[in-house]
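Data first, discussion second: the structure below is written as structure tokens.
The values are calculated or read from the model by the stated rules, or taken from the named source; none is laboratory data. Keep in mind that this is a model prediction, so the values were computed, not measured. In this analysis, Cβ positions are derived from the backbone assuming ideal geometry, glycine residues included, and neighbour counts consider all displayed protein chains.
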Amino acid sequence: MKRVVLLTLVALLAVSSVAAAQESRSYVLQAAGKWTGAHTQAVLAAGGTLTFSHDNTGLGIVTSANPDFAAQAARFGKFSAVTPDMMVQWQQPTPTVSLEEAGVPANPDDTFYPYIQWAPQAVHAPEAWVAGCTGSGVRVAVLDGGIHSTHIDLVDRIDLAASTSFVPGFAFNQDTGMFWHGTHVAGIVAASYNHIGTVGIAPEATIIGVKVLHDGSGSFGAVIQGILYAATPISEGGAGAQVINMSLGAVFNKNLKGAGPLVAALNKSVNYADRFGVLVVSAAGNDALDLDHTANLIAVPAQSGSGIAVSATGPMGFALGATNFSRIASYTNFGTSAVNVAAPGGDFALPGEDLCTLARVPSGSVTVPCWVFDMVLSTSRGSGASISSYTWAAGTSMAAPAVAAVAAMIIQANPGISLGALKTRIAQSADDEGKVGRDPFYGSGFVNAYKACTAR
């Protein structure tokens, strides 16, 4: 089995105008204040079609075939920025190993928990479940690619009515390939404890699928719309999420033409979530970058607005008996100024291709190369009509949803908790690893579900 490791790609050049292959261009507009009817009229006067606008943030998404649209819109209306949108590869390829489980029988425990799934134990989720912390009733929006909504571990966890897509031509439960990154992320948050397959860290939380990517790529406009929709209360036409997970990211040069205004618009959308006490959790990124010393580089959404960023850990040799779950992963971005906490993201750094075998519940075993067991096992699309497929993968994409799940546990245990108190609880309950106090790799520490939901 060939191991292809592509996590260290920096997305500096993975940017292109949405207009590159089409005549009509897409723009992200920022009004000087709130978005009003006058701004809409300015868009129309400049030959644009308004596809999305948000009154409170002053953000709008517009398409236009007018080559002079930006200049004319800026002249007709009070906009602080009119910027061509950019298509970005937000999710780089990662090593994955799939496991098809067609027709898995019901068992006294989930098929792969506890012998193969190490991540829930690493964050002390089982102890939290015993204490009644399962994320029940808490709404977690997964901004990602498609989610396989009929997967046996997810079918009871997804709010179908609130789930939506901001990728034209695709529903929230559509994507390409057999992995489906969004499906893997959703399972880490809340795969049901149904005696089949895997179990999520907050197995009774509600998932809202918000498709903003397709095959790992998407526009700034789609991500911005997804955040604003997820954070807006149901009574105002939004999804009513209490936590937003973004297992996506790219690194930009701040001086790249057009990037600055788009990054600013993304910041504004993340900060909007603050108004409703919605926690935005983002992956720190997989480029092994020191985000404290990147000069003109910025990682988004990890360094966007008031959200929190998560670095990744993973054992080295779990199948051989290792329990070093808080070991910093080989690929993770780091930096005291960026990382808030660390969580299980898995790794693939164990040398060699020797095979290892681990037991499953209630009987049988799984045999794969030993390094595979160091990654995170979760739900995936699979092939054909399979509704019980699973894949190992590694990345800060897998670490962020662990923290989103812990946040859901805290909210369940503390109804009405403020956003500031929620952030403080996550940080103060984390296990201090690395240097005493905050440090570049762990931030405030390695997240601990049991301490987070039971602390008073």
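Can you tell me how many residues within region 70-85 are assigned to a strand (DSSP E or B) and over 11 Å from Gln30 (Cβ atoms)? Working first, answer last.
Within region 70-85, the first condition is being assigned to a strand (DSSP E or B), and the residues that meet it are 79-84.
Then keep just the ones that are over 11 Å from Gln30 (Cβ atoms); that gives 84.
Number satisfying all stated conditions: 1.
Out of Val199, Val167, report the one residue that is assigned by TED's automatic domain parsing to the domain that holds Ile410, part of a loop (DSSP other than H, G, I, E, B), free of Cβ contacts under 8 Å to residues at least 60 places away in the same chain and not hydroxyl-bearing (Ser, Thr, Tyr).
On the way: Val199 fails: free of Cβ contacts under 8 Å to residues at least 60 places away in the same chain.
Checking each option against the conditions leaves just Val167.
For residues that are over 23 Å from Val278 (Cα atoms) and crowded, with 24+ Cβ neighbours inside 10 Å, tally how many sit in region 296-315.
3
Table: residues versus (1) among the hydroxyl-bearing types (Ser, Thr, Tyr); (2) at pLDDT below 95.
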site	(1), (2)
Thr206	yes, no
Lys211	no, no
Gly221	no, no
Gln225	no, no
Pro233	no, no
Phe252	no, yes
Ala283	no, no
Ala288	no, no
Val300	no, no
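Go through region 30-49 residue by residue and tally those that are surrounded by 14 or more Cβ atoms within 10 Å (Cβ to Cβ) and either closer than 23 Å to Pro233 by Cα or in the same structural domain as Ala230 (by TED's automatic domain parsing) (or both).
Summing the residues that are surrounded by 14 or more Cβ atoms within 10 Å (Cβ to Cβ) and either closer than 23 Å to Pro233 by Cα or in the same structural domain as Ala230 (by TED's automatic domain parsing) (or both) in region 30-49 gives 4.
Out of Val341, Val361, Val372, Val376, report the one residue that is surrounded by 18 or more Cβ atoms within 10 Å (Cβ to Cβ), farther than 24 Å from Asn245 by Cβ and of a type in the set (Val, Ile, Thr). Please lay out each step first, then the result.
Details: Val341 fails: farther than 24 Å from Asn245 by Cβ; Val361 fails: surrounded by 18 or more Cβ atoms within 10 Å (Cβ to Cβ); Val376 fails: farther than 24 Å from Asn245 by Cβ.
Selected residue: Val372, the only one of Val341, Val361, Val372, Val376 that is surrounded by 18 or more Cβ atoms within 10 Å (Cβ to Cβ), farther than 24 Å from Asn245 by Cβ and of a type in the set (Val, Ile, Thr).
When you go through (1) buried (at least 18 other Cβ atoms within 10 Å of the Cβ); (2) modelled with pLDDT of 95 or more; (3) polar (S, T, N, Q) one by one for Ser136, which number turns out not to apply?
That leaves (1) as the condition not met.
Residues to consider are Ile61, Ile116; find the one that is aliphatic (A, V, I, L, M), in a loop (DSSP other than H, G, I, E, B) and in contact (Cβ under 8 Å) with a residue 40 or more places away in the chain. Quick ask: steps written out before the conclusion?
Values: Ile61 fails: in a loop (DSSP other than H, G, I, E, B).
The unique qualifying residue is Ile116.
Every residue in region 216-240 that is surrounded by fewer than 24 Cβ atoms within 10 Å (Cβ to Cβ), part of a helix (DSSP H, G or I) and of a type in the set (Gly, Ala, Ser), please.
Ser235
Name the residue, out of Leu154, Leu160, Leu143, Leu213, that is over 15 Å from the mean Cα position of the chain (by Cα) and crowded, with 24+ Cβ neighbours inside 10 Å. Quick ask: steps written out before the conclusion?
Working: Leu160 fails: crowded, with 24+ Cβ neighbours inside 10 Å; Leu143 fails: over 15 Å from the mean Cα position of the chain (by Cα); Leu213 fails: over 15 Å from the mean Cα position of the chain (by Cα).
Result: Leu154 is the single residue among Leu154, Leu160, Leu143, Leu213 that is over 15 Å from the mean Cα position of the chain (by Cα) and crowded, with 24+ Cβ neighbours inside 10 Å.
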